Structures are given as structure tokens and as C-alpha cells.
Amino acid sequence: MLGFCGCDLTTGSAANVSPRSNEVAEANLSLGVAYLKRGEYEKALAKLNKALSADPGHAPTHNALGLLYQKIGKPEQAEQYYKRALSIKPDDSLSLNNYGQFLCQNNRYDEAQETFLKAANNPLYDAPEIAITNAGTCALKNNQPDVAENYFRNALDKNPKVSVALIQMAELSFRQGNYLSARAYLQRYLEVAEHTANSLWLGIRIEKELGDKNAISSYALSLRNNFPESEEARLLQESGAK
């Protein structure tokens, strides 16, 4: 299962606008982002448009609008807003990271990789491991597991607690037949994140290869109890694992 690290939204100071206009833009952007995170897209759009009216050159608002239009399935509008955000702040890693995810989701893999790396290489970005992890996830989508592994290792070198990179490395290690390594990555993942249906199913498959029946039973029980309607629970039932 592929999973990007979370999209970034931020509020930031605007230039060349009055303090009052900046205050209005920031307030409406904050409200718009809150609505966006809750999936209340009409309310989010109204607030973000108010923010843009107060300050048309506010890059974080354009970034948020790009993400909103991406979420509601309007890629042309989404790309316009992402590009506008980056025309205002070309090195803004938050906008670059979101735009990279947009590009990857639209199968524009080379552009996505370039965009993620530009985000990661910004010395002012305080979380380059996020963009690097997203580059790895995109490489997996493009059927490049070796490239993806290099990205995930790089991300974990920078921050050993990136949950997406850890679970992806567990999956890659399992596919390569490195079951002890897969177990170790999964254990590291559980130090920083909660189990999902996917991680439990991966744990079952790892422990089946390693012959730990108690671990299999524990993972299987948790999967059945916590994710009974998941695809992974269906696969468990079909496998006959206890």
C-alpha cells in the first residue's frame, strides 16, 4: 500500500500589503485550512477566496487552494494555484511538496521527482525527509523499487522516525526475502505510529515466514477485531491463518 506523507499547509506573512489586509488574509486562510482539513470544502473555498481578495499575492493561500481543488477532483484549477504559489515563492518547500504529490498522483513521475528534490534541497526547509519520503513513494508508484529504497534510506538517515518510510522499508524488505530486516523495520514503525490494517497484514506475512505462531495469532486477532471490514481482513480469512 502506498501512502504519501501528509500534505503541508501553512500560514505565512505577506509582503507589500497593509497590516490590516495581511491580518484579514491570515485569519481567513487559517479558517479555510481548518475547514479543508475537516473536508468541508465549500466553507473552505469561501474563506480561502476571502483571504485571496485581501492579499492576492499570498503564496500560502494559493497553495491551500491548489490542495482544495486537488481534493475535489479539479486538476486544472489545482495546478494553476500551485504554479501561482510557486511563482510568488519559487523555493517554498511546502508548496513544492504539495505540487509534487499532485504531479505524482497524475502520473507525471519525472516532474514529481524533480519537484520533491527541489523541496528537500531547500536549506530553509526543516523537514526535508518528508519530501524525500514522498519521492520514494512516487518511485514505487512508478515501479522503481530500487530508486524508492534509496529515497527511504536517505529519509531515515535524516530522521529515523519517519513512519511512512519505515513501513515502506518493511514492505520492501519483505518482498526481497529479508524477513528479519522486515520485522525490524515494522517494529521501528510501531514505535512511532499505530497499527493499520496494512501493517498488521504485513506483520502476519512476515511472522509466517519466520515461523512465529504466537506473533501471527496476535496480529491476526488485532486485525479481525480492529479492521473487520478491511481488504486485509478478507485476505486473512482466505489465507486460513489463525
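Give me the percent relative contact order of the chain, please, defined on Cα pairs under 8 angstrom at least 6 residues apart.
Relative CO of the chain lands at 12 percent.
Can you show me the helix-derived [θ] at 222 nm for the chain, built from DSSP H runs with n ≥ 4 at -39,500 (n - 2.57) apiece and divided by the number of residues, rounded to the nearest 500.
-23000 deg cm²/dmol
Return Arg108, Arg183 ranked ascending by Cβ neighbour count within 10 Å, so the fewest neighbours appear first.
By the 10 Å Cβ count, ascending, the order reads Arg108, Arg183.
For Thr137, Thr196, Thr115, Thr61, what's the fewest-to-most ordering of other Cβ within 10 Å of each Cβ?
Thr196, Thr137, Thr115, Thr61
Within the set of other residues whose C-beta is less than 11 Å from the C-beta of Ala25, count the net charge using Lys and Arg as +1 and Asp and Glu as -1.
Spelling it out: positives minus negatives among the neighbours equals 0.
Sort Phe227, Phe116 so that the residue with the fewest other Cβ atoms within 10 Å of its own Cβ comes first and the one with the most comes last.
Phe227, Phe116
If you build a Gaussian network model of the chain, linking Cα atoms that sit under 10 Å apart, which residue out of Leu29, Leu67, Leu223 swings the most?
In the Gaussian network model the winner is Leu223.
Roughly what angle does helix 163-175 make with the longest principal axis of the chain, taking Cα atoms, 0 to 90 degrees, to the nearest 10?
40 degrees
Run the reach check for Lys74 against aspartates and glutamates, Cα to Cα strictly under 20 Å, same-chain hits fewer than 8 apart removed. What comes back?
Asp8, Glu40, Glu42, Glu111
If I fit a long axis through the Cα atoms of helix 197-210 and take the longest principal axis of the Cα atoms of the chain, what angle between them do I get, 0 to 90°, rounded to 10?
Roughly 30 degrees between the two axes.
Roughly what angle does helix 128-141 make with the longest principal axis of the chain, taking Cα atoms, 0 to 90 degrees, to the nearest 10?
Between the helix axis and the principal axis of the chain, the angle is about 60 degrees.
Based on Cβ point charges of +1 for Lys and Arg and -1 for Asp and Glu, what charge dipole magnitude is obtained for segment 102-188 about its Cα centre, in debye rounded to the nearest 20?
Computed charge dipole of segment 102-188: roughly 280 debye.
Would the chain count as rounded, prolate or oblate if I go by the C-alpha gyration tensor, calling it rounded below 1.5 in a/c and otherwise prolate when a/b exceeds b/c, oblate otherwise?
Since a/c reaches 1.5 and a/b is larger than b/c, the shape of the chain is classed as prolate.
About the Cα centre, and with charges only on the beta carbon of Lys, Arg (+1) and Asp, Glu (-1), how big is the dipole of segment 182-242? Nearest 20 debye, please.
200 debye
How big is the charge dipole of the chain about its Cα centre, in debye rounded to the nearest 20, if each Lys and Arg gets +1 on its Cβ and each Asp and Glu gets -1 on its Cβ?
360 debye
List the relative contact order of segment 165-242 as a percent without decimals, with contacts defined as Cα pairs under 8 Å and 6+ residues apart.
Once divided by the residue count of segment 165-242, the mean separation gives 25 percent.
Suppose we flag GluC sites (Glu not before Pro) only when DSSP calls them loop and at most 15 other Cβ atoms lie within 10 Å. Which is the longest uninterrupted stretch of the chain?
41-190
Since every read-out is calculated from the coordinates, none of them should be taken as a lab result. Predicted, not measured: the structure shown is a model, and the values here were computed from it. Don't worry about glycine lacking a Cβ; one is built from the backbone with ideal geometry, like all the others, and counts go over all protein chains shown.
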